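What follows draws every value from the coordinates through simple rules; no lab data is involved. Computed from a predicted model, the values in this text were never measured in an experiment. Every residue, glycine as well, gets a Cβ built from its backbone with ideal geometry; the counts of neighbours run over all protein chains shown.
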Amino acid sequence: MKRFAFSCLMGILSVAILFAQEAGNKVQSQKSPQSEEKAKVAATDSEDLQRMNEDLQRMKVLLNQMRTNLSFVQTSQTPLKHQFELEADAWQIIVEQMDRRLQKMEKESRAGTEGSKSPVQTKLLPQR
């Protein structure tokens, strides 16, 4: 009788262990796609930041060329020269704005990869 009870108990434990292993495998398989997706998003964000930085550098070069070309226009103040100056000034503002945005995005990206608080949490919670 004791052997029969022991055999039944071992059978029940074996079945329970099998179900627990299957459940654990399902949880692990569900977590893997999420972590892979986060890695893909982080890589895409990194590539986007790199491309934006390259675009910004090209824009700075073009703006310098505009300013250089402007210096070769007549020394007197003509409407055409004034228009070139205004356009160069407008592009300077846009380049500076893009530079600030890019720096902010890079800072947020670094903060996210280092596992620190999100920018929203940082703004809402006072630091001690």
Student exercise, region 39-115 dipole from Lys, Arg, Asp, Glu Cβ charges, in Debye to nearest 20: 120
For region 39-115, whose charge dipole is built from +1 on Lys and Arg Cβ atoms and -1 on Asp and Glu Cβ atoms, the candidate among Met59, Met98, Ser76 with its Cα farthest towards the positive end is Ser76
May I have the pair-distance distribution P(r) for region 39-115, computed from all Cα-Cα distances with 10 Å bins from 0 and rounded to whole percent? 17, 36, 22, 15, 8, 2
